[in-house]
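What follows is a short report on a single structure.
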Amino acid sequence: MALSMLRRQPDSGLGNIRSSGGAPRRNIDWTLLVPVLLLSVIGIFSIYSATFWKIEGDPYWFTTRQVIYALIAVVILGMVMTFDYTMLRERAAFFYGTTIFALVLVLSAGAIRGGARLSFDLGPFSFQPAEFAKPVIVLTLAGFVSDRRDAALDYSQFVRAMILLGIPVALIIAQPDLGSAFVIIIGALAIFVMAGIRFRYLLMISLLTVATMAAAVVAGIVDRYQLRRIEAFVYQNSTDESLEEFVFQVRYAKRAVATGGWFGKGYLEGPLTNGKFVPVQQSDFIFSAIAEQFGMIGGGLVLFLFGLVLFRIWRIAQTSKDMFGTYICVGIFGILLWHVFQNIGMTMGIMPVTGVPLPFVSYGGSSLLAFAIMIGLVESVHMRRLR
Amino acid sequence: MAVMKRSSRLAVLGTIGAVLFSALGLRLWFLQAVDAPVLEERVQANKTRTVRLLPERGRIFDRDGRILADNERVLTMTMSWEVMRRTADRLELFRRLAPLLEVSPSDLEARYKSNRYSPLLPMPLKEGVSEETAIYLIQRTEDYPGIDVSVQWKRQYPYAPIASHVVGYLGAITADDSLQYRELGYDLNERVGQFGVEKSFEPYLRGTPGYVKYEVDSRGVILDVVERKEPMPGYDLQLAIDLDFQQFAEMTLETQLRIRSYAEVCQQKKRVRDEQESLLRGRDVWVLDEEQSRIQGRDVVKLVPVIESARIVDENGQEQMVPVPPCSNYISPAGSVVMMDYSTGQVNAIASYPTFDNRWFNSGVDSDKFSQIFPRTDDPNKSILVNRAVQGQYNLGSSFKPFVAFAALNTGQLPGGVDYRFEDRYVAGKDRNGNPIWNNGAYFLRYGPNCNASAQEAAQNQQADIDTATGRDRRTGAKCVYRNALCGSTNRPCFYGTDIDVEDALAVSVDTFFYKIGEELFEERRAPDPRNPGQTVQPFLLQQEVRRFGFGSRTGIDLPFESAGRVPDQEEKDRLAERYKAFEAEQEYSGGDNVLLAIGQGLLAASPLQLAQGYGTLANGGEVNRPLIALALLEPGTPNAVQPGFADVSRSKVYLNLGAKDTIRTIDMPAEFRDPIVRGLSRVITGPGVTSDYYHSTTGEKLFERYPYDLLPIAGKTGTAQGYLSLPWYDSSVFAVFSLDPSRPVVVSAYLEKAGFGSRAAAPVAKCMLMGYAGAIELPVVRPSNPLDINSTLPAPQRELPDRACLSGAALGGRD
């Protein structure tokens, strides 16, 4: 348990017979954990700056919740770390089944927000199954791919892997949550690349992805609203009134980033952040609040911390004792990388706006917990690399 | 195997990660380092919203403090657009608001849909709500979300239509002016002075706008007041206009124009039996009509109108001949009067007809109604929105003669100067049969190169080949003979005798005297050209002299659209030829042009204000003073006087004195030149005239018979400017007159278009003004006007002089 780790006796280090150098608890990768913790703290402060005016009489409404999520996330992270990831391999099917069930359920019983059923409404908190689908699918695919003996993925394996991937992705597209679906596909792609997939299969996945999304659009599952965001991305200086909402969102986010300069306007001194110019700044556009208040230095620090996290995951993938661990790390690497690139990219106008939060930083419990699980998995791989 | 492959594949993923991260890093750097300065500026602009606070416009007073232009505080209820976005909410809100605002919900909805209002400012729901209603609504903002009240100023003209041409009106900034006003810091939806002193003093009257700077969020919701600057009201303007005289002038002018339009006038007649017969041959024949010739047993000669038909070019460019009636009423459509203090240049009254009520311009009538009242027209008789006193471009007729007389004396053109005597009866030549051609009240050009009938030539080869009816040389078509005005008692050109000096010439308006000056000043005064030795140049001496009185250049009065007029010379003719094809044929400035100029005809163009300025200069002994329409700009906030309708100008502080004499130039006017001119002009009023064949009275003698001369001695000159085809009902009437008492320095000019002889139409108007000034008659009381009648179709209600007695007494005879 994570708590036992904290309660570790001073003498339980060197010379303790029970704990050899290869003991998992002595191989925690702090270089991975500390940046994640720092990012979460930065996130909490930024969320405060972007939300203190939102709920009259309670400036800490969002911040309090985020702190609670973070505490829960720490617990979850610790719990996942303590599990031997190899044992999760057998339970992958169970997790997978539960996730599919939750995804089906959310389609029929989820709360509707902005024309999409993304989450279960559980009183003060809400719960987004799509977020939790991310680690589960990574786990499932990693298990499936590492089962085979051959060097390369053959066709029947590929088809089965595609079915494993396709079912949850299709359900997520149906919500519709294109952003999450795309993230999962990227994670799966990373695993497939790692598994030595043939190029033509890669092409097939890309085509399938495009075809599925196109079908979703044609079928009317993805409505005009979401397409508008793509349009707004292509025409970032459009004066079309129907695009105004999206164009302005990105425009002000960009301005917030740009006007931060080197050192930023100072904490709680950002005119655009204080002026409520950027909608949903606490979640999807949190980076604009950071960049405006802390400037290039702050934005650069966030990027650096993410780089560090990603580098550690990449490194752990390399040092994993088995391919299962490597696949887990690679899948999570892909998901995290895409989250960061997509989110910060859209804030700075080089990616279209999709509802993808910035890991650890953005406001939102499901996302934070899901990433805690993922980091926990990676940590678990690292801790057991010597066993 | 696995390990090796793992490494290489991880390398691929790592590279992709590194690339994506570099992209983010680059973009961050680019945004913050490169784009930042541009975007930073926009953020500042986005963060605050400035709402302009319009200042109260300066008020306009007459010289006694009567409030000619005032401001009414208008409360306007407004509604935020945000609140009205949803149709159901909006209709509900309108339904509840309508009874309080006393409008119908559909009117409010129509406003919402009209696209008339700026989306940046709240939509006005109703203008001019009562203070109580405004307070009631403002206190219930929770019931009427988004409602607000804005304070605006509405211009009032309490005495309209008196002095509408002077005061002017406000209007929207036109597209043409928008750039200019934008540079001056105007909002393009502001109303600005478009006419009168409202226009010319716009920068002073407007005041300085203030502003409130709000901090707003992305939806435009006001968060905080950042800065507030109160507007500075405009300066008040005190005019030199005396509204008593202004109203009197307008009434007199309008009444007289109406009276004149009832008068009938007939064309001069000519004999048809023998067109070849020289008018010079036998004056006994000239007077014969059918009746007389029957009695006298001579040939029956039929007299017919001089012009029986005229060539008209219609709208399609088609020429056609239309019959011209022998008699017609005067058209008498328009006119103007100026009354000025010649010692200072202060203008006490300046009237123009047709007039209008300047309240039409903020009455809110729709454009159809507006164009019904102020129709677009090319007919100069009907233009309303011109101040004819400053914008008119008129021939001045004989009223121009005093300046010509001065020019002749001042240039030494008259042999002997003031002692010069003109003989109005001489042998101009001999006809084919060797009989002497007497000039008989006409002037024969002596230098006209195309005039075969120049006196000497005619005498030598006896080929006086002149069409006596038109005065043109038959061979060349050049105009060679210029006649005096017809004398009513003989129906022939007047003959004034052989002993005419300058004084006489002015007193009885001897045209031939001035024709001679005109020709000789042009032909006899060529000077060596300093640039081309051996060549001579035409110095245009007459032009030089009269320009010094202010003709041909703007007086500089503070009223818009003043015209400079024209003193014709070669340059002006070139300019005309450039502009109008008709002038190309006779582009060279000739002696004939100068002859016409000498009697204020031809290409001369001047405004009644210039005429008043010129007479003022004669009156004050040579000072050309800029006419002053205003006395002073006063510091904002002149208090109202106890007497309603008046402001207490004595209690206000002068910001800028505008009433001080502003002498443009001083003409050196020796008494020996001025005195005979002034004497001649005073004889116009008092007589006597001259006696030649019989007594020729002066043009004003009979009109001013009952004038109280001892109350206010005056001197003046009539003028009749011939118009189209020289038909008499196109004659315009001019009169200019000044006081001979320097302690009461008044000069009046009146110009009545197409209203007949100067002594008949314009002079009575001026006489009324002078009698009013002298205190001989009581001026009608000035009262604040009734509210504008929106249903009227007239630009201004008709006004009538209550007592017309001062207009009566016009001379029976008519000539100038």
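The values are calculated or read from the model by the stated rules, or taken from the named source; none is laboratory data. Computed from a predicted structure; not experimentally measured. Methodologically, a virtual Cβ is constructed for each residue, glycine included, from the backbone with ideal geometry; neighbour enumeration extends over all protein chains shown.
Taking the conditions exactly as written (closer than 30 Å to B:Glu202 by Cβ and basic (Lys, Arg)), does B:Arg548 satisfy them or not? Talk me through it step by step, then tell me what you get.
Details: closer than 30 Å to B:Glu202 by Cβ: no; basic (Lys, Arg): yes.
It is false that B:Arg548 is closer than 30 Å to B:Glu202 by Cβ and basic (Lys, Arg).
Whether any residue in segment A:307-328 is polar (S, T, N, Q), facing another protein chain (nearest Cβ under 7 Å) and buried (at least 20 other Cβ atoms within 10 Å of the Cβ) is what I want to check.
Our first condition is that a residue be polar (S, T, N, Q); within segment A:307-328, this holds for A:318-320, A:326.
Now narrow it down to the ones that are facing another protein chain (nearest Cβ under 7 Å): A:318, A:326.
Still in the running and buried (at least 20 other Cβ atoms within 10 Å of the Cβ): A:326.
Yes: segment A:307-328 contains one or more residues that are polar (S, T, N, Q), facing another protein chain (nearest Cβ under 7 Å) and buried (at least 20 other Cβ atoms within 10 Å of the Cβ).
A:Ser126 - would you say it is under 22 Å from A:Thr354 (Cα atoms) and touching a residue at least 24 places away in the same chain (Cβ under 8 Å)?
Values: under 22 Å from A:Thr354 (Cα atoms): yes; touching a residue at least 24 places away in the same chain (Cβ under 8 Å): yes.
Yes.
Answer yes or no as to whether B:Leu10 is within 7 Å of chain A (Cβ to nearest Cβ) and either more than 20 Å from A:Met296 (Cβ to Cβ) or modelled with pLDDT under 65 (or both).
Working: within 7 Å of chain A (Cβ to nearest Cβ): yes; either more than 20 Å from A:Met296 (Cβ to Cβ) or modelled with pLDDT under 65 (or both): yes.
Criteria met by B:Leu10.
Report, by residue number, each residue of segment A:172-202 that is more than 19 Å from A:Thr326 (Cα to Cα) and touching a Ser or Thr at 6+ places or on another chain (Cβ under 8 Å).
Across segment A:172-202, the qualifying residues are A:Ile172, A:Ile173, A:Leu178, A:Gly179, A:Phe182.
Identify all residues within segment A:214-234 that are surrounded by 14 or more Cβ atoms within 10 Å (Cβ to Cβ), at pLDDT 75 or above and more than 20 Å from A:Asp284 (Cα to Cα); write none if there are none.
Of everything in segment A:214-234, those that are surrounded by 14 or more Cβ atoms within 10 Å (Cβ to Cβ), at pLDDT 75 or above and more than 20 Å from A:Asp284 (Cα to Cα) turn out to be A:Ala216, A:Val217.
Scan segment B:687-713 for residues that are hydroxyl-bearing (Ser, Thr, Tyr) and either surrounded by 15 or more Cβ atoms within 10 Å (Cβ to Cβ) or closer than 16 Å to B:Ala774 by Cβ (or both) and jot them down.
Hits for segment B:687-713 are B:Ser692, B:Ser697, B:Thr698, B:Thr699, B:Tyr707, B:Tyr709.
Taking segment B:717-744 as the region of interest, how many residues are closer than 17 Å to B:Val347 by Cα and β-branched (Val, Ile, Thr)?
1
Which of (1) under 20 Å from B:Thr411 (Cα atoms); (2) touching a helix residue (DSSP H, G or I) at 6+ places or on another chain (Cβ under 6 Å) is the odd one out, the single condition B:Arg548 does not satisfy?
Tallying (1) under 20 Å from B:Thr411 (Cα atoms); (2) touching a helix residue (DSSP H, G or I) at 6+ places or on another chain (Cβ under 6 Å), B:Arg548 fails exactly one: (2).
Considering only segment A:186-213, how many residues are modelled with pLDDT of 85 or more and part of a loop (DSSP other than H, G, I, E, B)?
Residues that pass the stated criteria total 1.
Of the residues A:Ile286, A:Ile290, only one is at pLDDT 75 or above, closer than 24 Å to A:Ile335 by Cβ and within 11 Å of chain B (Cβ to nearest Cβ); which?
Working: A:Ile286 fails: within 11 Å of chain B (Cβ to nearest Cβ).
Within the list A:Ile286, A:Ile290, the selection yields A:Ile290.
Please indicate, with yes or no, whether at least one residue in segment B:337-346 is at pLDDT below 90 and outside any loop (DSSP other than H, G, I, E, B).
Looking for residues that are at pLDDT below 90 and outside any loop (DSSP other than H, G, I, E, B), one finds none in segment B:337-346, hence no.
Residues to consider are A:Leu386, A:Leu369; find the one that is surrounded by fewer than 24 Cβ atoms within 10 Å (Cβ to Cβ), more than 14 Å from chain B (Cβ to nearest Cβ), hydrophobic (A, V, I, L, M, F, W, C) and not in a helix (DSSP H, G or I).
Details: A:Leu369 fails: not in a helix (DSSP H, G or I).
None of the other options fit; the residue is A:Leu386.
Within segment B:718-731, is even one residue of a type outside the set (Val, Ile, Thr) and closer than 24 Å to B:Leu618 by Cα?
Within segment B:718-731 (the criterion being of a type outside the set (Val, Ile, Thr) and closer than 24 Å to B:Leu618 by Cα), the answer is yes, since at least one residue qualifies.
Taking the options A:Gly295, A:Gly334, A:Gly270, name whichever one is within 11 Å of chain B (Cβ to nearest Cβ) and within 21 Å of the chain's Cα centre (by Cα). It would help to see each step written out before you state the result.
Numbers: A:Gly295 fails: within 21 Å of the chain's Cα centre (by Cα); A:Gly270 fails: within 21 Å of the chain's Cα centre (by Cα).
After applying the criteria, what remains is A:Gly334.
Among all residue pairs at least 6 apart or on different chains, which show Cβ distances below 9 Å where the first residue, located in segment B:606-625, is touching a residue at least 40 places away in the same chain (Cβ under 8 Å) and the second is part of a helix (DSSP H, G or I) and among the basic types (Lys, Arg)?
Taking only residues 6 or more apart or on different chains, the pairs are B:Ser607/B:Arg388; B:Pro608/B:Arg388; B:Thr617/B:Arg548; B:Leu618/B:Arg674; B:Gly621/B:Arg674; B:Gly622/B:Arg674; B:Val624/B:Arg548.
Please enumerate the residues belonging to segment B:498-533 that are within 14 Å of B:Thr698 (Cβ to Cβ) and not in a helix (DSSP H, G or I).
Correct list: B:Ile500, B:Val508, B:Ser509, B:Val510.
Out of segment B:13-35, which residues are within 17 Å of A:Trp314 (Cβ to Cβ) and more than 7 Å from every other protein chain (Cβ to nearest Cβ)? Show your work before the answer.
Filtering segment B:13-35 down to residues within 17 Å of A:Trp314 (Cβ to Cβ) leaves B:13-22, B:24.
If the condition is that a residue be within 17 Å of A:Trp314 (Cβ to Cβ) and more than 7 Å from every other protein chain (Cβ to nearest Cβ), then B:Thr15, B:Ile16, B:Ala18, B:Val19, B:Ser22 are the ones that fit.
Spot the failing condition for A:Ala256; the list is (1) at the interface with another protein chain (Cβ under 7 Å from one of its Cβ atoms); (2) assigned to a helix (DSSP H, G or I), and only one is missed.
With respect to (1) at the interface with another protein chain (Cβ under 7 Å from one of its Cβ atoms); (2) assigned to a helix (DSSP H, G or I), A:Ala256 is out only on (1).
Keeping to segment B:373-422, report how many residues are more than 13 Å from the chain's Cα centre (by Cα), of a type in the set (Lys, Arg) and either over 20 Å from B:Val684 (Cα atoms) or in a helix (DSSP H, G or I) (or both).
Residues in segment B:373-422 being more than 13 Å from the chain's Cα centre (by Cα), of a type in the set (Lys, Arg) and either over 20 Å from B:Val684 (Cα atoms) or in a helix (DSSP H, G or I) (or both): 3 in total.
Tell me which residues, restricted to segment A:338-358, are at pLDDT 90 or above and more than 14 Å from chain B (Cβ to nearest Cβ).
A:Pro357 - this is the single residue of segment A:338-358 that is at pLDDT 90 or above and more than 14 Å from chain B (Cβ to nearest Cβ).
Restricting attention to segment A:183-206, report how many residues are among the hydrophobic types (A, V, I, L, M, F, W, C) and more than 14 Å from chain B (Cβ to nearest Cβ). It would help to see each step written out before you state the result.
The initial filter retains those residues of segment A:183-206 that are among the hydrophobic types (A, V, I, L, M, F, W, C), namely A:183-186, A:188-195, A:197, A:199, A:202-205.
Of the ones still in play, those that are also more than 14 Å from chain B (Cβ to nearest Cβ) are A:184-185, A:203-205.
Total satisfying the criteria: 5.
So B:Ile222 passes all but one of these: (1) among the β-branched types (Val, Ile, Thr); (2) surrounded by 15 or more Cβ atoms within 10 Å (Cβ to Cβ); (3) at pLDDT below 90. Which condition number does it fail?
It is condition (2) that B:Ile222 fails.
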